[in-house]
Amino acid sequence: MEFFRNPKIDWIRNKWYFVGLSLLLSGLGVASLLVKGGPRYGIDFRGGTMVHVKFRQAPQLDRLRAALDTQGLRNSTLQRYGAENSTEILVGLDLSSTSETDLEAGKQSIVNALRKEFGGGAKPSLNEASAASVVEQLSADEAVRNALSGDQIRQLAQSILEYRDTPPRSGLLGSFDEVRQVLGVTPQVVAALQNSFTLSDFAVRNVEIVGPKVGAALRKQALNATLLALASMLIYIAFRFEWIYGFAAVIATLHDVIVAVGFLSLFNQEITLTVIAALLTLVGFSVNDTIVVFDRVRENVRLMRRDSISDIVNLSVNQTLSRTALTSGLTFLSVLALLLFGGEVLRGFAFTLVVGILVGTYSSIAVASTLVASWQEYNNRDRRGGRVVAMERDQARARRAQAGAKVKA
């Protein structure tokens, strides 16, 4: 399958346009990073507490922020989880201490602020209850204890929580009557739940706590993984082709990573563990595409002994253009679907790959290939490794000498 039939694009001739575009994209990203004081790290790297809360109705962020301020959490961050009218909020508390107990206290302060503002009271909420607490409260009720055995109570408690956590409830029960739909729930069980629990207007869906040492270690490991990947590719490609090919591939891949991180900063996306995974995926994708072009260049160098390296690179890129468009296009459509329909959890991963695939495909053609051709021309080397320019220079000197001798004669 071919998208392009015999394209004759002169990529090397337009290399300065590519250089300008690459500098523009990289410059925008670097400028954004400098203005914002560096990347926006997720909780995985910066450390802190992140509480995922689902509300019955979409809360006003100003009201929620005021409630957190009453608990002394003025440095907390609020982010809607999903659509603009989503009822799910991410409450983040940045790391302000090196103590794990302080992080746990920060989580409890967030929960206390939510209970005070959005309801709760003395009794615990069934929307936040664990299986152990439900078993404990049901076992304490005489009517339930007389009707069910201990194993039956534990199984029933697990069934109630599974029902609570499945869509469309997703952790938020509206009334105790909803529990009647669970197999095995009797009026005595419902009465016991009403006596022991309440139903708040929110539910804490998930809590993440990352200590300072863990965050620092993850940042270091992520950087080491990226640098190790680049170094390994340099060694492999230099061994497989020539050192200039490996150098060009690493420069192109580094260009891709810089642009991708810059776009993450421009669009205010957090750098999390999934984003690091996407960057490493981008590294592999970009290098694979670059090697395909380099392999065709190597084949054509052996076949086209009378052509310049620029002509060989142009032909090689044009010959692989259909393959590049097909593979990159299908991959782009896949990650675009993840970005549009994958939800908030995959948003950073998909966004990084959407940007990365576009810029990675571009760099394989406009950065890596043109860099190889430019270096070979600058180094006065043709397909045989001879010194064509030097020979032409010597011939020109000889002609000038002959012309001078004729003038003197």
Which of the residues spanning segment 33-42 are on the phi < 0 side of the Ramachandran plot and either modelled with pLDDT of 90 or more or exposed (fewer than 15 other Cβ atoms within 10 Å of the Cβ) (or both)? L34, V35, K36
Could you grab me the full set of residues in segment 135-150 that are surrounded by fewer than 18 Cβ atoms within 10 Å (Cβ to Cβ) and more than 45 Å from the chain's Cα centre (by Cα)? S139, A140, E142, A143, R145, N146, A147, S149, G150
Segment 128-162 - residue that is outside any helix (DSSP H, G or I) and hydrophobic (A, V, I, L, M, F, W, C) and, of those, farthest from S196 (Cα to Cα): L148
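Yes/no matrix, rows are residues, columns are (1) at pLDDT below 80; (2) within 39 Å of the chain's Cα centre (by Cα); (3) of a type in the set (D, E, K, R):
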| residue | (1), (2), (3) |
| --- | --- |
| Y163 | no, yes, no |
| P168 | no, yes, no |
| G174 | no, yes, no |
| D177 | no, no, yes |
| Q194 | no, no, no |
| R205 | yes, yes, yes |
In segment 301-338, how many are closer than 18 Å to L371 by Cα and free of Cβ contacts under 8 Å to residues at least 60 places away in the same chain? 4
Residue set S22, S32; condition in contact (Cβ under 8 Å) with a residue 12 or more places away in the chain and closer than 12 Å to L266 by Cα; output residue S32
Does any residue in segment 1-15 that is more than 22 Å from G329 (Cβ to Cβ) come within less than 7 Å, Cβ to Cβ, of a residue that is surrounded by 12 or more Cβ atoms within 10 Å (Cβ to Cβ) and modelled with pLDDT of 70 or more six or more places away or on a different chain, and which pairs are these? D10/N314; I12/S310; I12/V313; I12/N314; I12/T370; I12/A373; K15/T370; K15/S374
From the list L282, L218, L227, L266, pick out the single residue that is surrounded by fewer than 20 Cβ atoms within 10 Å (Cβ to Cβ), in contact (Cβ under 8 Å) with a residue 12 or more places away in the chain and over 21 Å from Q376 (Cα atoms). L266
Quick one: Y378 ticks every box in (1) of a type in the set (S, T, Y); (2) under 25 Å from V275 (Cβ atoms); (3) modelled with pLDDT under 80 bar one, so which box is it? (2)
Any residue that is under 23 Å from G174 (Cβ atoms) and either in a helix (DSSP H, G or I) or at pLDDT below 75 (or both) - is there at least one of those in segment 85-93? yes
I153 being buried (at least 16 other Cβ atoms within 10 Å of the Cβ), touching a Leu at 6+ places or on another chain (Cβ under 7 Å) and not assigned by TED's automatic domain parsing to the domain that holds F247: yes
Determine whether segment 279-295 contains at least one residue that is over 17 Å from M233 (Cβ atoms), in contact with a helix residue (DSSP H, G or I) (Cβ under 9 Å, 6 or more places away or on another chain) and in a helix (DSSP H, G or I). no
Somewhere in segment 184-196, is a residue of a type in the set (S, T, N, Q) and in the same structural domain as L339 (by TED's automatic domain parsing)? no
Out of the residues in segment 43-77 that are part of a strand (DSSP E or B) and among the small types (G, A, S), which is surrounded by the fewest Cβ atoms within 10 Å (Cβ to Cβ)? S76
Conditions (1) in contact with an Asp or Glu (Cβ under 7 Å, 6 or more places away or on another chain); (2) over 13 Å from F118 (Cβ atoms) -> G38 fails only (1)
Can you tell which of R323, R305 is over 31 Å from the mean Cα position of the chain (by Cα), under 22 Å from D10 (Cα atoms), assigned by TED's automatic domain parsing to the domain that holds V19 and surrounded by fewer than 18 Cβ atoms within 10 Å (Cβ to Cβ)? R305
State whether one or more residues within segment 14-35 are out of contact with any Gly (no Cβ under 7 Å at 6 or more places or on another chain), part of a loop (DSSP other than H, G, I, E, B) and more than 30 Å from Q221 (Cα to Cα). yes
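The values are calculated or read from the model by the stated rules, or taken from the named source; none is laboratory data. Given the structure is predicted, the values throughout are model-derived calculations rather than measurements. No Cβ is skipped: glycine too gets one built from the backbone with ideal geometry, and neighbour counts run over all protein chains shown.
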